[in-house]
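The values are calculated or read from the model by the stated rules, or taken from the named source; none is laboratory data. Bear in mind that the values here come from a model prediction, so they are computed numbers and not experimental data. Cβ sites come from the backbone with ideal geometry, for glycine too, and all protein chains shown count toward neighbours.
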Amino acid sequence: MINRVLRIDERLRDIAKPPLEEIDSIKLLEGDALILCAGFEDRAIELLKRIASTTNDQINIIIYDYRPYVDENRLTEIKCICDIRGIPFHVIGYDRENPANAGDVLWDSIRDIQGRLYIDISGMSRLLIVQILESLHRNKQNYDNVSILYSEAAEYPPSKEEYGKESTGRPPYLAETVMFISSGVFEATLVPELASVVMQGQPIRLISFPSFNTQQLVTLRSEIQPHCYVFIHGIPVLNENKWRTDAIRILNDIDNIPCKEEYYLSTLKYEETLNTLLDLYKKYNCNERILIAPTGSKMQTVAVGLFRAYMKDTQIVYPTPITFLTPEKYTLGVRKIYKLDLDFLQDL
């Protein structure tokens, strides 16, 4: 009997994937580094505040500063927290309009760090999450000594009442005009480090995660013109938020999009999304070009980043929002904090 050598996607599919670990805070040790974004959400700075109050060791803080500038971003507040505790920090610019090589810029700042890398994705752009995970894997050759930190928001606008008020009476063809959280799209962003080399003329299958910003899907459909779609609908953790799944599906007029597959997966359980992506890869990658638009939840985006780090013949495309309508209400508060150690992938 001949033993077949498993492909990397098969090995990644079979590996035991640990669930998220709920934590109250975390103590960084000397030489460790925390990577975070100076976003405008409460959860963008919550972990830093808790870490700063418990550590006395010499740690490293790397801060992404979003550009174009948004008044509500918390860079000044983050700097003050670090200054008060005497924690050194380094600021990296992240241009949402021109985001190429953002992960490699980070690598240049952390390549000599000997401790553990903690990546707080709570305030990060979804494209940046994928860029960081891909760059770390490419440069480190593994995920040893890397952890994901994630603060789950307490409230996710819009409320059910706000949605009902804005959408009542609008026919399906006007659904794209309903804007709740973010508005518009710069373009369908393709960064070189997340591109793929494939045979020209292959049919395109687009995997996307519908959102309340319906212009994202409109842009993807218009610019990419895939022959088939896979829609991954997020199922929120709390029962009182599960209405959002059907609301987003209706707003994006999914029923009237031909040639599609649909999956309903947890917004929090990254392993569900990762396993589904691997199943789709096995099913389609030999005959189709696979593009993924990570417009789902933050933990679903972690799954996309891990998937793309290993499946380099797939391509990431991201419809970057132009504006955030009410940054102070993008999400509110912090409900729970989670940690995911990526060491389980080191043998790959």
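Please specify each residue of region 281-298 satisfying the condition of being at pLDDT 95 or above and more than 23 Å from T219 (Cα to Cα). Correct list: Y281, K282, K283, Y284.
Kindly indicate whether I81 is among the β-branched types (V, I, T) and in a loop (DSSP other than H, G, I, E, B). Steps first, answer last, please.
Values: among the β-branched types (V, I, T): yes; in a loop (DSSP other than H, G, I, E, B): no.
Criteria not met by I81.
Residues considered: L340, L277. Of these, the only one that is touching an Asp or Glu at 6+ places or on another chain (Cβ under 8 Å), in contact (Cβ under 8 Å) with a residue 12 or more places away in the chain and not in a loop (DSSP other than H, G, I, E, B) is L340. Filtering region 82-101 to residues that are surrounded by 19 or more Cβ atoms within 10 Å (Cβ to Cβ) and among the aromatic types (F, W, Y) leaves only Y94. Only one entry in I129, I207 is among the β-branched types (V, I, T), within 26 Å of R50 (Cα to Cα) and modelled with pLDDT of 90 or more, namely I129.
Quick grid of which residues meet (1) basic (K, R); (2) more than 24 Å from S211 (Cα to Cα):
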residue: I121; (1), (2): no, no
residue: I129; (1), (2): no, no
residue: L136; (1), (2): no, yes
residue: K140; (1), (2): yes, yes
residue: Y143; (1), (2): no, yes
residue: V146; (1), (2): no, yes
residue: L149; (1), (2): no, no
residue: A153; (1), (2): no, no
residue: Y156; (1), (2): no, no
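The single condition from (1) modelled with pLDDT under 95; (2) within 20 Å of the chain's Cα centre (by Cα); (3) closer than 30 Å to I248 by Cα that D120 fails is (1).
The residue of region 282-296 that is farthest from L127 (Cα to Cα), among those that are touching a helix residue (DSSP H, G or I) at 6+ places or on another chain (Cβ under 9 Å) and of a type outside the set (A, V, I, L, M), is K282. Taking the conditions exactly as written (at negative phi and modelled with pLDDT of 90 or more), does D112 satisfy them or not? Against the criterion (at negative phi and modelled with pLDDT of 90 or more), D112 qualifies.
Determine whether I113 is buried (at least 17 other Cβ atoms within 10 Å of the Cβ) and either of a type outside the set (D, E) or under 27 Å from D343 (Cα atoms) (or both). Write out each step before concluding.
Numbers: buried (at least 17 other Cβ atoms within 10 Å of the Cβ): no; either of a type outside the set (D, E) or under 27 Å from D343 (Cα atoms) (or both): yes.
Taking the combined requirement at face value, the residue does not satisfy it.
If we scan region 66-81, do we find a residue that is loosely packed, with under 12 Cβ neighbours inside 10 Å, modelled with pLDDT of 90 or more and over 20 Å from L128 (Cβ atoms)? Yes - at least one qualifying residue is present in region 66-81. Only one of the numbered conditions (1) touching a Ser or Thr at 6+ places or on another chain (Cβ under 6 Å); (2) closer than 16 Å to I337 by Cβ is not met by I45, and that is (1). One residue stands out among those in region 218-260 that are in a helix (DSSP H, G or I) and touching a helix residue (DSSP H, G or I) at 6+ places or on another chain (Cβ under 6 Å): the one that is surrounded by the fewest Cβ atoms within 10 Å (Cβ to Cβ), which is W243.
Scanning region 221-247 for residues that are among the aliphatic types (A, V, I, L, M) and within 12 Å of S208 (Cβ to Cβ) yields a total of 3.
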